[in-house]
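All remarks here apply to the structure that follows.
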Amino acid sequence: MPTLYEFPPTRSNRVKWALEELGIDYTSSFVDFFKSEQQSEQHKRIHPLGLVPVYQTDTYTMYESVAILLQVLDEYPHAKLAPPIGTAERGIYYQWCVFSSAELDPHLFDFMKHTMHLSEEERVPQIAQRAEKQFRARGQVLSDFLQDKHYVLGQHFSGADIALGYSCNWAAYTGLLKEYPILVEYYARLQCRPSFHKVFGS
Ligand SMILES: N[C@@H](CCC(=O)N[C@@H](CS)C(=O)NCC(=O)O)C(=O)O
C-alpha cells in the first residue's frame, strides 16, 4: 500500500485530494512540523529539502505535489481524471496543473508569510505587496480562462481542478480569492465534492 507523508493543510492535501478522488487505499504518515519532524534525518532521506508531500510506493518515492498528482492519476486511467496523453485536453491539463504550483503557490506562500505567519518584526511589507500584485495578475488570468467553464476541461472534472483547487483553498485562506467572483464560484463547485470534505473538513 502506498504511503503519503503529510502535514495537513499544507500542499500534501493536493495529493491527498487526488488519492481520495481515486478511492485507493493508502497509509498516511503524519510529519509533525510542530516537532520539526520534516527536518529529521529520517525524513530527509526521502525528501532532501525536508518538505512534504512525499509519496512512496513499492517501486518509487516521489516529491513535488503536482508531479505526484499527475503520476497517480495516470496510474488509474479508469477514473478519467487525466485526459489521454497527446490530446489537446492533455496539454490544457498540463498547463493548469503546472500553473498552480509554478505561478500561484509561490506568491501565495510569500503573501501568507509576510501578512500572517511571520512575527510582526519579521514581516517585510514590500514582499507582501509584490506577492499580492503577482498573485492578482495570475488570479485574473485564471478567472478569465474559467469565466465560461464549469471546470478546467469544461464539464469534465479533472486533476487540473484538484491542482488549482488547492491553490484556491490557499487563496481563500489568505483573503485573496474574494476579489474574483468567478474563482469564488469555481472553488464553491469544487468544495461540493465529497472528497474535498474528506481532505479539508467542512
Ligand atoms: N513545490 C513543492 C513545495 C513543497 C513545500 O514547500 N512544502 C511545504 C508545505 S506546503 C513544507 O513542507 N514546508 C516545511 C518547511 O518549510 O519546513 C510541492 O508542491 O510539493
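The values are calculated or read from the model by the stated rules, or taken from the named source; none is laboratory data. Bear in mind that the values here come from a model prediction, so they are computed numbers and not experimental data. Using ideal geometry, Cβ is built from the backbone for each residue, glycine included, and neighbour counts are taken over all protein chains shown. Accessible surface is based on the protein model in full, side chains and every heavy atom, while ligands, DNA and RNA are left aside. Shrake-Rupley method; radii C 1.70, N 1.55, O 1.52, S 1.80 Å.
When H43, H78 are checked against the criterion of being open to solvent by less than 30 Å² (accessible area, probe 1.4 Å) and either at pLDDT 95 or above or in a loop (DSSP other than H, G, I, E, B) (or both), H43 stands alone in meeting it. Of the residues making up the range 14-34, those that are open to solvent by 30 Å² or more (accessible area, probe 1.4 Å) and either assigned to a loop (DSSP other than H, G, I, E, B) or near the ligand (Cβ under 8 Å from one of its atoms) (or both) are G23, D25, Y26, F33. With respect to the stated conditions, D148 fails to be in contact with a strand residue (DSSP E or B) (Cβ under 8 Å, 6 or more places away or on another chain) and not hydrophobic (A, V, I, L, M, F, W, C). Would you be able to tell me the number of residues in the range 139-189 that are among the charged types (D, E, K, R) and out of contact with any helix residue (DSSP H, G or I) (no Cβ under 9 Å at 6 or more places or on another chain)? Counting residues in the range 139-189 that are among the charged types (D, E, K, R) and out of contact with any helix residue (DSSP H, G or I) (no Cβ under 9 Å at 6 or more places or on another chain) gives 1. Total residues in the range 35-48 satisfying the condition of being within 11 Å of the ligand (Cβ to nearest atom) and within 20 Å of K16 (Cβ to Cβ): the figure is 4.
Restricting L69, L104 to residues that are assigned to a helix (DSSP H, G or I), in contact (Cβ under 8 Å) with a residue 60 or more places away in the chain and not assigned by TED's automatic domain parsing to the domain that holds C168 narrows the list to L69. In contact with a Pro (Cβ under 8 Å, 6 or more places away or on another chain), within 9 Å of the ligand (Cβ to nearest atom) and farther than 18 Å from G165 by Cβ: does that describe Y63? Criteria met by Y63.
The single condition among (1) away from the ligand (no atom under 11 Å from the Cβ); (2) open to solvent by 40 Å² or more (accessible area, probe 1.4 Å); (3) closer than 30 Å to P77 by Cβ that P8 does not meet is (1). Inclusion of I68 among residues that are within 15 Å of the ligand (Cβ to nearest atom) and buried (at least 17 other Cβ atoms within 10 Å of the Cβ) is warranted.
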